[in-house]
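Structure record follows, encoded as structure tokens.
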Amino acid sequence: MGLIDGVAATQEDMTRWRRDLHRKPETAFEERWTSDYIAERLTEFGIEIHRGLAETGIVGVIHGKGGGNRAIGLRADMDALDILEANTFDHRSQHDGKMHACGHDGHSTMLLGAAKHLAETRNFSGTLYVVFQPAEENEGGAGVMVEEGMFDQFPMDAIYGMHNRPGLPVGKMIMRAGPTMAGFDIFDIIVDGYGGHGAMPHQTVDPVVVQAHLVTALQTLTSRNLNPLESAVVSVTQVHGGDAYNVIPQQVKLSGTVRTFKPEVQDLVEAGIKRIAAHVGDTFGAKVDVAYDRRYPPLFNYADHMALCHKAAIDVFGEDNVRNDAPPVMASEDFAFFLQAKPGCYVNIGNGEGDEGGCMVHNPNYDFNDKALSYGASYWVTLAENLLPLKG
């Protein structure tokens, strides 16, 4: 089948929409301009819209022309990151310190392009929901939409998501069944010692020394406590303490992240962090407090729905350009909250290689590759029409 002609014909429009969104990045739950822009486009397409879930979220409703009771959802995230953009092109961020460094501008645009075509043709039965979700980065906007009753208000049989993949050529798509992206937890550890003069450490309980032992000991969770056939990453990413060269501080704070694929591994790591922190603190006579916050669950793709996505991808990209055995990744994605509530599948679309689309996400030089827009929108249209076929 390849690219859908009606979708490819909107490439110029989609490029303009995408670059408009890129210029005005907004972060979690603050996507008001972004939400208004998307709502205006959907209204222009004649699509019924509902706003207010998770503050800035939008759900568009498109009814097919073939009747039917089945319904599916297609989701795009729309928030940006707190990053100062290094790019110098005309559509660079106009909001200093904020940037679309993960391609959510492209994700929203691909879904807009698909929505436009589907609203014009309605070559499907049942109901299609196009979900524009805020706050994917760090704040779990998907979980908020679920908690606020999105699936009660808009009953869906399944929901599907897509993310760009730098390093994967444009015109290719990858996916897998089962555990696909890791769960995301964070921790903060406060080490309270007894501060004093840097020349008299024997009169102190040095929290800097305690934190050094803690950082080292935490690495044993994955190397010595976890079954080698399982996967987890424990990373201390922040250390804060001290104000002067000659003062041993009273307190040091450690912060970090945990990535796991299974709840039982998540339980093991959380308990292990708390156990190690308490024992290291006791060893040195320091008080150690741990705050552990489970942010995103692991993302699990349903095998039968992955097979449906695989077929749609082959229809658009061709069999040689689609993989359904992609390795899992330790990055996290709040689409996992949707997949805890409804079955579905999350896929990756190629953003390009080298200088054209190969820059890693969350990098100040990243930009979504506009050449991927027609591919992603064609995939969404094909998936919707395959899953909600007109009755013969």
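The values are calculated or read from the model by the stated rules, or taken from the named source; none is laboratory data. Every value quoted in this text rests on a predicted model; they were computed, and no experiment measured them. Note: ideal-geometry Cβ built from the backbone for every residue, glycine included; neighbour counts use all protein chains shown.
Quick one: in the range 313-335, of everything that is of a type in the set (D, E, K, R) and surrounded by 15 or more Cβ atoms within 10 Å (Cβ to Cβ), which residue is nearest to F132 (Cα to Cα)?
Filtering the range 313-335 for residues that are of a type in the set (D, E, K, R) and surrounded by 15 or more Cβ atoms within 10 Å (Cβ to Cβ), the one nearest to F132 (Cα to Cα) comes out as D334.
Yes/no per residue for (1) part of a strand (DSSP E or B); (2) outside the structural domain of N138 (by TED's automatic domain parsing); (3) of a type outside the set (V, I, T); (4) free of Cβ contacts under 8 Å to residues at least 12 places away in the same chain:
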position	(1), (2), (3), (4)
N227	no, yes, yes, yes
E230	no, yes, yes, no
V239	yes, yes, no, no
G256	yes, yes, yes, no
R259	yes, yes, yes, no
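Here is a list of conditions, (1) within 24 Å of V269 (Cβ to Cβ); (2) touching a residue at least 40 places away in the same chain (Cβ under 8 Å); (3) in a loop (DSSP other than H, G, I, E, B); (4) not assigned by TED's automatic domain parsing to the domain that holds I83, and A199 meets all of them except one; can you say which number that is?
Going through the list (1) within 24 Å of V269 (Cβ to Cβ); (2) touching a residue at least 40 places away in the same chain (Cβ under 8 Å); (3) in a loop (DSSP other than H, G, I, E, B); (4) not assigned by TED's automatic domain parsing to the domain that holds I83, A199 breaks only (1).
Scan (1) hydrophobic (A, V, I, L, M, F, W, C); (2) under 21 Å from the mean Cα position of the chain (by Cα); (3) more than 25 Å from V146 (Cβ to Cβ) for the single condition I38 breaks and write down its number.
Unmet condition: (3).
Please tell me if E270 is of a type outside the set (K, R), modelled with pLDDT under 95 and outside the structural domain of R176 (by TED's automatic domain parsing).
No, not satisfied.
One residue is enough: does the range 51-64 have a residue meeting the conditions assigned to a helix (DSSP H, G or I), buried (at least 19 other Cβ atoms within 10 Å of the Cβ) and assigned by TED's automatic domain parsing to the domain that holds E136?
no
Could you please find all residues in the range 25-44 being surrounded by fewer than 17 Cβ atoms within 10 Å (Cβ to Cβ) and within 30 Å of K391 (Cα to Cα)?
Those that are surrounded by fewer than 17 Cβ atoms within 10 Å (Cβ to Cβ) and within 30 Å of K391 (Cα to Cα): T43, E44.
Failed condition for V252, given (1) farther than 16 Å from G193 by Cβ; (2) among the hydrophobic types (A, V, I, L, M, F, W, C); (3) surrounded by 14 or more Cβ atoms within 10 Å (Cβ to Cβ), with all others met?
Unmet for V252, out of (1) farther than 16 Å from G193 by Cβ; (2) among the hydrophobic types (A, V, I, L, M, F, W, C); (3) surrounded by 14 or more Cβ atoms within 10 Å (Cβ to Cβ): (1).
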